[in-house]
1. Yes or no: region 39-47 includes at least one residue that is modelled with pLDDT of 95 or more and either assigned to a strand (DSSP E or B) or within 22 Å of K117 (Cα to Cα) (or both).
2. Of the residues G113, G88, which is surrounded by fewer than 22 Cβ atoms within 10 Å (Cβ to Cβ), over 19 Å from A35 (Cβ atoms) and in contact with a His (Cβ under 7 Å, 6 or more places away or on another chain)?
3. Being under 15 Å from the mean Cα position of the chain (by Cα) and of a type in the set (A, V, I, L, M) narrows it down to one residue among V75, V47; which is it?
4. Looking at (1) free of Cβ contacts under 8 Å to residues at least 60 places away in the same chain; (2) farther than 18 Å from L126 by Cα; (3) out of contact with any His (no Cβ under 8 Å at 6 or more places or on another chain), can you tell me which one K71 breaks?
5. Mind checking which pairs have a first residue in region 126-148 that is touching a residue at least 40 places away in the same chain (Cβ under 8 Å) and a second that is among the basic types (K, R), Cβ under 8 Å, 6 or more apart or different chains?
6. Any chance you could count how many residues in region 75-130 are touching a helix residue (DSSP H, G or I) at 6+ places or on another chain (Cβ under 9 Å) and not hydroxyl-bearing (S, T, Y)?
Amino acid sequence: MKITDFLRERAINVDLTATNKEGVIRELVHCLGKAGEIKAAEEEKLVPILLARESLGSTGIGQGVGIPHGKSNCVRELVGAFGISRRGVNFDSLDGEPVHIFFLLVAPEDSAGPHLKALARISRLLKDRFFRESLKEAKEEKQVMRVLQQEDQKGL
């Protein structure tokens, strides 16, 4: 599975301004709306779903990475958003460190396969320190997409 299969450039924000978990999730959900992946009216419905998932256990997986995710009938296929927080956010990460890199995933209610494959792919890629640094150094959305496309090519 390629990241560019479910992530659009318009759903990337390289300068998240939120200072807490809920704020980051709201910004990333708004990116999905801005990209046309969800209807604007669905944004407010999606945030509580993602926060409820967070209450089960943080999706801050460590090493400055967070992968908030959930399922909702507001999408017909797996969609994603990406964000970078320059200052870092307390995301109740497993290692206690602030999170700088965020991938948000939303899958349809009745889907399991693509959602789990995407989580596995992102987790695997983000274990690579060089890859994480390349994403963090990106100053614009096009740079993020280039880094992701290069990684997608390696996986073929």
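The values are calculated or read from the model by the stated rules, or taken from the named source; none is laboratory data. These numbers were taken from a predicted model, which means no experiment stands behind them. Here Cβ is always computed from backbone atoms with ideal geometry, including for glycine, and neighbour counts include all displayed protein chains.
1. Checked region 39-47: at least one residue is modelled with pLDDT of 95 or more and either assigned to a strand (DSSP E or B) or within 22 Å of K117 (Cα to Cα) (or both).
2. Working: G113 fails: in contact with a His (Cβ under 7 Å, 6 or more places away or on another chain).
The unique qualifying residue is G88.
3. Values: V75 fails: under 15 Å from the mean Cα position of the chain (by Cα).
Going through V75, V47 in turn, the sole match is V47.
4. The single condition K71 does not satisfy is (3).
5. Hits for this filter: L126/R132; E141/R10.
6. Keep residues of region 75-130 that are touching a helix residue (DSSP H, G or I) at 6+ places or on another chain (Cβ under 9 Å), which gives 75, 77-86, 89-92, 99-108, 114, 118, 121-122, 125-126, 128.
Subset that is not hydroxyl-bearing (S, T, Y): 75, 77-84, 86, 89-92, 99-108, 114, 118, 121-122, 125-126, 128.
Final tally of qualifying residues: 31.
Per-residue answers, yes or no, for (1) closer than 23 Å to E9 by Cα; (2) assigned to a loop (DSSP other than H, G, I, E, B):
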position: G88; (1), (2): yes, no
position: H100; (1), (2): yes, no
position: L105; (1), (2): yes, no
position: E109; (1), (2): no, yes
position: L125; (1), (2): yes, no
position: K139; (1), (2): yes, yes
